[in-house]
Amino acid sequence: MDNERVILSLKDIPKAWYNIMPDLPEQLPPSLNPATGKPLMPQDLAPIFPLSLIEQEMSAERWIDIPDEVIDVYKIYRPTPLRRAVRLEKALNTNCRIYYKDESASPAGSHKLNTAIAQAYYNKKEGVKRISTETGAGQWGSALSFACNILGLKCTVYMVKASFYQKPYRKSLMRVWGAEVFPSPTDRTNSGRAVLKGNPETPGSLGIAISEAVEDAATHDDTKYSLGSVLNHVLTHQSVIGLETKKQLEIIGEKPDTLIACVGGGSNFAGFAFPFVPDKLKGKQVRIIAVEPTACPSLTKGEYLYDFGDTEKLTPLMKMYTLGHSFIPAGIHAGGLRYHGVAPQVSLLVRKKIVESKAFSQNPVFEAAILWARTEGFLPAPETSHAIRCAIDEAKKNDKKVIVFNYSGHGHFDLSAYDAYLDGKLEDYEHPEEKIKEALKKIPEIGNA
Ligand SMILES: Cc1ncc(COP(=O)(O)O)c(C=O)c1O
């Protein structure tokens, strides 16, 4: 250990996940059953999730023990390093100190494995044989493929069509780990067929792929569905990131002034930042910033309303910042950030102004990623590069702050996006206000009256 890199030992892997539910500044608005308009009951979720995960989804316990079998698999890559970006600091000539929690160190290359392993474990324990899921950038799909492979389950992945063709090697990785992968929308499900009928050339979206994966699970007895973000239990599993980060900062005697992470559905942000929220609520001065793309500005331009989590309206209604479930974002390269909503727990904290939000467009994000790669060496995922952009802008203020951000994943499968940037072919995209208004008109009345 020195202050350029803080490495914990295997015994420092957290023994319990942190669930923010009892520490939220007010009660989380319950998710609603769209058929009845009433708060969701555990049995409503039983066709698609195993009972232990439903229990975690609704749990108000602050700490949830991590099973030994899950810790055993975590040992492949956890604890992850906390590193100091000294060469970037030098290039920026800043008096701020920049640290990053390196979640790219997992076999699948991102934080997504933290919940994939847990979800595969609980499914297996309850006799499930196959898990269906969606993936945007391919990071979540590859994490779940890896976890299912290690724990002996089959895995079916509906991959957003735009990413399927932009990132063929993510698909190959999933297949290496034994999963079957389809470009979504497919003609395998009613949801996919409905979308294709209206728009055969659609690039797809996470919302559509979720509809397909949920339908697959609901129509097969041996299959359950798994979501890589948004839900409470997913955010809880990700808390290992922030719990380790806290310990690592304590070891080197650093107190964070600014915490930053990118937001798609909200899981890496929550996992990284939530363990610090109780300190902030007790008065500790720390800014917590959630970063998203201008092409998918759920937190900065969306509205805080009840909405569906998917396009075909198969999921419960969640109170969250949303651009409307019918929203189809532009095909930006940060595929994992192209989601119309943000996790209800993260949304509530933004609503209560405990968390700030910022949006950046593609070119400044890739400019930051290139500066990062040329100073720190590692190649970041486009999603992660949103957090890097924000960290650089904060460090340029030269105000002696300690900035810590979550390095959610590597960009080894995103090289075509890097080529497009280096060739000057990337377009900045600002999602138009009229389109947001149009999509918000389609939001259901339930819960929003
Ligand atoms: C590297 C990386 N970071 C961040 C995200 C965003 O997801 P979430 O907001 O759930 O962390 C993704 C999603 O695929 C990702 O692949």
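The values are calculated or read from the model by the stated rules, or taken from the named source; none is laboratory data. Keep in mind it's a predicted model, so treat the numbers as computed, not measured. Cβ coordinates were reconstructed from backbone atoms using ideal geometry, including for glycine residues, and neighbour counts include every protein chain displayed.
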> Which residues, taken from the stretch 31-53, are in a loop (DSSP other than H, G, I, E, B), without any contact (Cβ under 8 Å) to a residue 12 or more places away in the chain and within 19 Å of TYR306 (Cα to Cα)?
Replying inline: ALA35, THR36, LYS38, MET41
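So which residues in the stretch 216-243 are touching a residue at least 40 places away in the same chain (Cβ under 8 Å), charged (D, E, K, R) and farther than 26 Å from VAL263 by Cα, if there are any at all? Reasoning before the result, please.
Keep residues of the stretch 216-243 that are touching a residue at least 40 places away in the same chain (Cβ under 8 Å), which gives 216-218, 220, 222-243.
Filter again for charged (D, E, K, R), leaving 216, 222, 224.
Scanning the stretch 216-243 gives ASP216, ASP222.
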>> Going through THR135, THR115 one at a time, which residue ends up being within 12 Å of the ligand (Cβ to nearest atom), touching a helix residue (DSSP H, G or I) at 6+ places or on another chain (Cβ under 8 Å) and at pLDDT below 95?
In response: THR135
>> If I filter the stretch 399-449 down to residues being in a loop (DSSP other than H, G, I, E, B) and among the hydrophobic types (A, V, I, L, M, F, W, C), which single residue comes out as surrounded by the most Cβ atoms within 10 Å (Cβ to Cβ)?
In response: PHE413
> How about the stretch 196-217: which of its residues are part of a helix (DSSP H, G or I) and more than 28 Å from ASN268 (Cβ to Cβ)?
Replying inline: LEU196, LYS197, GLY198
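Yes or no: MET174 in contact with a strand residue (DSSP E or B) (Cβ under 6 Å, 6 or more places away or on another chain), touching a residue at least 40 places away in the same chain (Cβ under 8 Å) and not β-branched (Val, Ile, Thr)? Outline the logic, then answer.
Details: in contact with a strand residue (DSSP E or B) (Cβ under 6 Å, 6 or more places away or on another chain): yes; touching a residue at least 40 places away in the same chain (Cβ under 8 Å): no; not β-branched (Val, Ile, Thr): yes.
Here the answer is no, as MET174 does not meet what is asked.
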> Looking at ASN123, ASN95, which is the one that is of a type outside the set (Lys, Arg) and surrounded by fewer than 18 Cβ atoms within 10 Å (Cβ to Cβ)?
Replying inline: ASN95
> For SER267, are the conditions met, namely being closer than 30 Å to LYS437 by Cβ, touching a residue at least 60 places away in the same chain (Cβ under 8 Å) and more than 16 Å from the ligand (Cβ to nearest atom)?
Replying inline: no
> Which ones in the stretch 341-387 are within 14 Å of the ligand (Cβ to nearest atom) and free of Cβ contacts under 8 Å to residues at least 40 places away in the same chain?
Replying inline: LEU379
> For the stretch 71-116, what are the residues that are under 23 Å from GLY265 (Cα atoms) and β-branched (Val, Ile, Thr)?
Replying inline: THR80, THR115
>> If the requirement is being under 21 Å from LEU45 (Cα atoms), more than 22 Å from the chain's Cα centre (by Cα) and surrounded by 24 or more Cβ atoms within 10 Å (Cβ to Cβ), which of these qualifies: SER191, SER211, SER132?
In response: SER191
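When you go through HIS333, HIS325 one by one, which is the residue that is more than 15 Å from the ligand (Cβ to nearest atom), crowded, with 24+ Cβ neighbours inside 10 Å, under 22 Å from GLY141 (Cα atoms) and touching a residue at least 24 places away in the same chain (Cβ under 8 Å)? I'd like the intermediate steps shown before the answer.
Numbers: HIS333 fails: more than 15 Å from the ligand (Cβ to nearest atom).
Just one listed residue meets the conditions, HIS325.
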